1. One-quarter of the Cα convex hull surface for the stretch B:1-50, in nm²?
2. Under the definition of Cα pairs under 8 Å and six or more residues apart, what whole-number percent is the relative contact order of chain A?
3. When you count, for each residue, the other Cβ atoms within 10 Å and take the mean per peptide, how do B:64-72, A:58-66 rank with the highest first?
4. Per-residue accessible area for residue A:9 at 1.4 Å probe radius, Å² rounded to 10?
5. State, as an integer percentage, the relative contact order of the stretch A:21-84 based on alpha-carbon contacts under 8 Å between residues 6 or more apart.
6. Hey, which of these cross-link pairs are over 26 Å Cα-Cα: B:70/B:101; B:73/B:101; A:65/B:111; A:65/B:73; A:7/B:101?
7. Can you list the HN-Hα couplings for the stretch B:57-62, worked out from phi with the Karplus curve (6.51, -1.76, 1.60; θ = phi - 60°), rounded to whole Hz and with x for Gly and Pro?
8. Buried accessible area for the B:A pair, summed, 1.4 Å probe, in Å² rounded to 100?
Amino acid sequence: SAVISQKPSRDICQRGTSLTIQCQVDSQVTMMFWYRQQPGQSLTLIATANQGSEATYESGFVIDKFPISRPNLTFSTLTVSNMSPEDSSIYLCSVFLGETQYFGPGTRLLVL
Amino acid sequence: AQKITQTQPGMFVQEKEAVTLDCTYDTSDPSYGLFWYKQPSSGEMIFLIYQGSYDQQNATEGRYSLNFQKARKSANLVISASQLGDSAMYFCAIRTSGTYKYIFGTGTRLKVLA
C-alpha cells in the first residue's frame, strides 16, 4: 500500500477566502486524484492530476474554483477558492497501486 | 454507465456476530473490479477488499470476505466476528478495467453493539 499524508487535517475558514490542501505520497505515481465528500454523502471525483500537464476536471468542477498543482511525482495541491459554506466537505487525495486506489487521511473543511 | 447501489443506510450488529453489507452493481463492461472501503468517523478511507470480475473465488482478507454473485450483480461484504472498532461507514465501489474512475455507492453505516 501507499503512505499518503495530507495537510491540513482540518480547517475552519471564512466565506470568500481560499485554502490550499497538500497531498504527499511516499512513492512516485503518475496520477493523483482529488475527491470531495460532502456531509452525509458519498465520494465525488473532482479531478485527476497528472505530473507535467493540466489537471483533468470532472463534470461540475472547474479550474477557477479548484486549481490543482502537480509539481512532481509525489506531491499535489488542491486549492478551494472563494469558499462558501457549500464547500464544507472532506477533501481526499488518492493514488493507484496496481488495481487498488488508496486514500489519504482527508482534510475536513468547514466554511463559515 | 456504471452504478453501485447500497440499500442499507444503517445496520446494527452485536459484537462477535457476523454481518453482511449489501452491494449491487450495474455495468455493461465485462471486465471490472469491485472494492469495499471503510470510513471511520476520522474521515479516512481504508481499503478493505477487492474482487475482480474474472476471479473464480470469492475474495477474503482476514475477517472480511466478499460474497460475489456475478449473475446477480451483487458483491456483498461479510464481516465475521464483529468488533467495536468495526463501527464505521462502509462504501462499495466499482471500477472498469482500463480506467481509473471509481463509482462509489452511498454507503452503509454499521454500528457494532457491545
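1. Values: hull surface 19.4 nm².
The Cα convex hull of the stretch B:1-50, projected and averaged over all directions, gives 4.8 nm².
2. On the way: 275 pairs, mean separation 41.3, N = 112.
Taking the mean separation of contacting Cα pairs over the length of chain A, I get 37 percent.
3. Values: B:64-72: 14.8, A:58-66: 12.7.
Packing order, densest peptide first, comes out as B:64-72, A:58-66.
4. 80
5. On the way: 106 pairs, mean separation 22.0, N = 64.
34 percent.
6. Numbers: B:70/B:101 21 Å; B:73/B:101 19 Å; A:65/B:111 37 Å; A:65/B:73 38 Å; A:7/B:101 24 Å.
Those over the limit are A:65/B:111; A:65/B:73.
7. Working through the residues one at a time gives 10, 5, 6, 9, 8, x Hz.
8. Details: alone 6330 and 6010 Å², together 10760 Å².
The summed interface area works out to 1600 Å².
The values are calculated or read from the model by the stated rules, or taken from the named source; none is laboratory data. Source: prediction; values computed, not measured. Don't worry about glycine lacking a Cβ; one is built from the backbone with ideal geometry, like all the others, and counts go over all protein chains shown. Quick note on the areas: whole protein, heavy atoms, side chains included, nothing else; ligands and nucleic acids left out. Shrake-Rupley method; radii C 1.70, N 1.55, O 1.52, S 1.80 Å.
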